[in-house]
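Peer 1: Please read through the structure below; I'll follow up with questions.
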Amino acid sequence: GLCLVLGVADAGDLAKLAAGSRLQVQGVVADRERAERLRAKLPTDETGDRLSVVWRRTAHLPYLDNLVNLIVVGGWGQGDLQGLALSEVVRVLCPGGTAVVGSDTGLDAARLLADAGKLKLVKAEALGRKGAWIRIVKQFDPAFGKLAGGDAEGLDQVVAPSKEVRWVNTPLWGASWEGYGNTGSYGYELFAGGRTFHTEIDWIRPGSNQYSVVARDAFNGIVLWRENVADRSRIAGADETRVYVSEGKDTVARDAATGKVINNYGALQGQLQILGDKHGNIIHLGERE
C-alpha cells in the first residue's frame, strides 16, 4: 500500500519503514530545501525504489480523498505541521486506512483524542507511548454500499462521473505491439474488501503463456501481490478474505491479503457458482468430479 510520513526529519527513518514493510513510503515536508536534502540521502538500493519525498506547498495535503493506507505523523502541531488540520489527515486516508498521530512532548493526549472524536467516519484510541499519541482508523462510508465479488449490482449511493484522474489501474502493455501481436492481456476483474483482483497473461512466445492472478488496492491502484497460476485460469468470485480462482481443472481459494492458497477444492462438475449469504460472506457451491 501507500504510506505517508509527515514531519519527517531523517531520511534514515523513511528507509527503515520501507525496509520493514512492502509499503510505498513517501515523506511529506513543507520546506522545499529540506525536501531536496532528504531526497539526496535516500538509499539507492531496491528499498530506495519504494521511497520518495514531496514538498507540501500549502496547508492542504497534495493528495486526493480516500487514497492512502497508512499515515505516520510525528511532532503534531509543531514545526512545519503547524496549521495542518486533523481533518486533512483523515480526508486522504482510504477506508480501512490507519493514521498514527502525536508527539513525544508538548501535546495533550486527551485533547488530541477529543479532536479526533469530532470527525466523521473515525474510530480513534490513545496509544500507550511516551507523550501523546493516538491511532485513527477510517471507517467505510455506509453510502458506498457493498459489492461482493461475482455480483454485478451494488448499492453505492455516492457513485458519480469522475471529476479527476486518480490512477491507472490496469496494465499498459495489453495494447502494445511487438510484431507478433499483443504482448499480453488482462481480464476477469472483480472488486471486494477494498481490493481489486484480475488475471494477467504474459505472451512469452507463440504457444506459451504465463497466467497470473494480481491484487491491487482498490483506492490507490498499488499492486499488493501477484501469483503465477495455471493456464486458462479465471477469477470466479471474491470477498473480504478470499478470492476464488478456477486454475486449470481445479478451483482454488486464495487469501485475499497475501495470495497464498487456503483451499483446493479440486475439479468441479458444471459451472462454478459463487453466492453471498445475508452477512455478505461468499459461499462456494459445486460438486467434485
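Peer 1: Where in the stretch 185-257 are there trypsin sites (Lys or Arg not before Pro) that are in a DSSP coil and have at most 15 other Cβ atoms within 10 angstrom of their Cβ?
Peer 2: 232, 249
Peer 1: Classify the stretch 26-137 as rounded, prolate or oblate, taking a ≥ b ≥ c as the square roots of the eigenvalues of its Cα gyration tensor: rounded when a/c is under 1.5, otherwise prolate if a/b is larger than b/c and oblate if not.
Peer 2: prolate
Peer 1: Lysines near residue 260 by alpha-carbon distance under 19 Å, same-chain residues fewer than 8 away left out - which ones?
Peer 2: 249
Peer 1: On to the next question. Can you pull out the trypsin sites (Lys or Arg not before Pro) in the stretch 1-92 whose DSSP state is coil and whose Cβ has at most 15 other Cβ atoms within 10 Å?
Peer 2: 22, 41, 57
Peer 1: Another question, then. Pulled fully out, how much extra length does the chain show between residue 60 and residue 257, if you take 0.36 nm times their separation in residues and subtract their Cα-Cα distance?
Peer 2: Working it through step by step, the gained length comes to 67.8 nm.
Peer 1: I've got another one for you. Can you give me the % of accessible surface on the stretch 25-149 that is carbon or sulfur? Probe 1.4 Å, all protein chains present, nothing else counted. Show your work: numbers first, answer last.
Peer 2: Values: 3360 of 6630 Å².
Roughly 51 percent of what the probe reaches on the stretch 25-149 is carbon or sulfur.
The values are calculated or read from the model by the stated rules, or taken from the named source; none is laboratory data. Note that the coordinates shown come from a computational prediction; the quantities given were computed from them, not determined experimentally. Because the Cβ atoms are built from the backbone with ideal geometry, glycine has one as well, and the counts that use them run over all protein chains shown. Heavy atoms of the whole protein, side chains included, go into the accessibility calculation; ligands, DNA and RNA do not. Shrake-Rupley method; radii C 1.70, N 1.55, O 1.52, S 1.80 Å.
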